[in-house]
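Quick notes on the structure that follows.
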Amino acid sequence: MQVLILGGTGDATALATHLLQLPGVTVTSSLAGRTLQPSAPVGMIRIGGFGGSNGLATYLQEHCIDLLIDATHPFAAQISWHAAAAATTVGLPHLMLVRPEWQKIVGDRWLEVETVEAAAQAMPKSAKRVFLTIGRQQLAPFAPITDRWFLMRSIDPPAADLPLPSGELLLDRGPFTLDSERDLLKKYEIDAIVSKNSGGDATYAKIMAARELGLPIVMVQRPPMPQGDRVADVPSAVAWVKQRL
Ligand SMILES: NC(=O)c1ccc[n+]([C@@H]2O[C@H](COP(=O)([O-])OP(=O)(O)OC[C@H]3O[C@@H](n4cnc5c(N)ncnc54)[C@H](OP(=O)(O)O)[C@@H]3O)[C@@H](O)[C@H]2O)c1
């Protein structure tokens, strides 16, 4: 049984580890190649785009893939639509592993917006020092904003030709703790956060720290995902594979 995992997330890495323990299962993890030093999953790895849904369909056939699991980040929408289309083309069982969204609870001050571009327009007027925790690829919409200071955190530096707002770049990789996030927000005197609703535990500490400190969060909602089989955690994805052995 040949399983292709579309990865780039902690869940995808954990899933590869679990599936490799199943007898008769071969696992290949696919990474987009964005991160300079990715946390490499166990098993075989391939890196780089497939060339759209047609390219992915060709890959699935040429490599005799039996099951396709899309465990990409909830904001990596394009690859998810390509995966769904390619699986349909080839007639392959296809599963999406999508971790649940964070839910707003008492004490959270969220302003929910549809896109990163909308987030750049929606920041509270009072916010002068803003923590941007949206990765490095979508910082450009904030570049024209000149009356605020930004702390931008990402794993790798943004591309040299990407326009950036004024502020400081912080290179770091989660998981982050509540103590370290609280300290960071205080040290930089942050008064608002921009975040994607990524879900999961690894980056939730900033949400808790903001709640404690009473800071507003401009929360970018997830893009639409294709229809299809979907699970919320790694054990459920393992169970889905076992049913097909
Ligand atoms: N977007 C985020 O906020 C975020 C956060 C953390 C991790 N990631 C991870 O980073 C990767 C890239 O994210 P993105 O937002 O740029 O994705 P995207 O917009 O959905 O995908 C853009 C293109 O990148 C290629 N690609 C994406 N994921 C791939 C994978 N796992 N294996 C092979 N090719 C892949 C595909 O190229 P082709 O069309 O040529 O096949 C896809 O069309 C994803 O794998 C995702 O899991 C993303």
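Based on DSSP H assignment, which helices of the chain show an axial Cα extent of at least 18 Å together with a mean Kyte-Doolittle hydropathy greater than or equal to -1.0?
The answer, listed by residue number, is 77-90.
Provide the per residue accessible area, probe 1.4 Å, for the chain, rounded to a whole number of square angstrom.
Values: 11840 Å² over 245 residues.
Averaged over the residues of the chain, the accessible area is 48 Å².
Based solely on its DSSP helices, what 222 nm [θ] is calculated for the chain when runs of n ≥ 4 H residues each add -39,500 (n - 2.57) and the sum is averaged over all residues, nearest 500 deg cm²/dmol?
It comes out at -8500 deg cm²/dmol, rounded to the nearest 500.
What is the Cα radius of gyration of the range 109-220 over 2.2 N^0.38 Å, N being its residue count?
0.96
For the range 109-220, please report how many Lys pairs fall under 15 Å Cα to Cα, leaving out neighbours fewer than 8 apart on the same chain.
5
Around P93, what is the net charge, scoring Lys/Arg as +1 and Asp/Glu as -1 over all other residues with Cβ under 12 Å from its Cβ?
That sum, taken over residues with Cβ under 12 Å, equals -2.
Give me the percent of the accessible area of the chain that comes from carbon and sulfur atoms, probe 1.4 Å, all protein chains in place.
53
What is the distance in Å between the Cα centres of the range 182-210 and the range 89-142?
The distance from the Cα centre of the range 182-210 to that of the range 89-142 comes to 12 Å.
Could you state the principal axis extents of the C-alpha atoms in the chain, from the largest down, to the nearest angstrom?
Principal-axis extents of the chain (Cα, largest first): 56, 37, 31 Å.
Whats the longest run of the chain with zero GluC sites (Glu not before Pro) that are DSSP loop and have at most 16 other Cβ atoms within 10 Å? Kindly include the intermediate steps, with their values, before the conclusion.
On the way: sites that count: E101, E114, E189.
Formally, the longest exposed-site-free interval is 1-100.
How high is the relative contact order of the chain, in percent, counting Cα pairs under 8 Å that sit 6 or more residues apart? Each step should come with its number before you reach the end.
Values: 466 pairs, mean separation 52.1, N = 245.
Reported as a whole number, the value is 21 percent.
Could you give the length gained on full extension between E101 and Q137, defined as 0.36 nm per residue of separation minus the Cα-Cα distance, in nm?
Extending this stretch completely gives an extra 10.9 nm.
The values are calculated or read from the model by the stated rules, or taken from the named source; none is laboratory data. Just so you know, these numbers come straight off a predicted model, no measurement behind them. Every residue, glycine among them, receives a Cβ derived from its backbone with ideal geometry; neighbour counts consider all protein chains shown. Heads up: the accessible areas ignore ligands, DNA and RNA and are worked out on the full protein's heavy atoms, side chains in. Shrake-Rupley method; radii C 1.70, N 1.55, O 1.52, S 1.80 Å.
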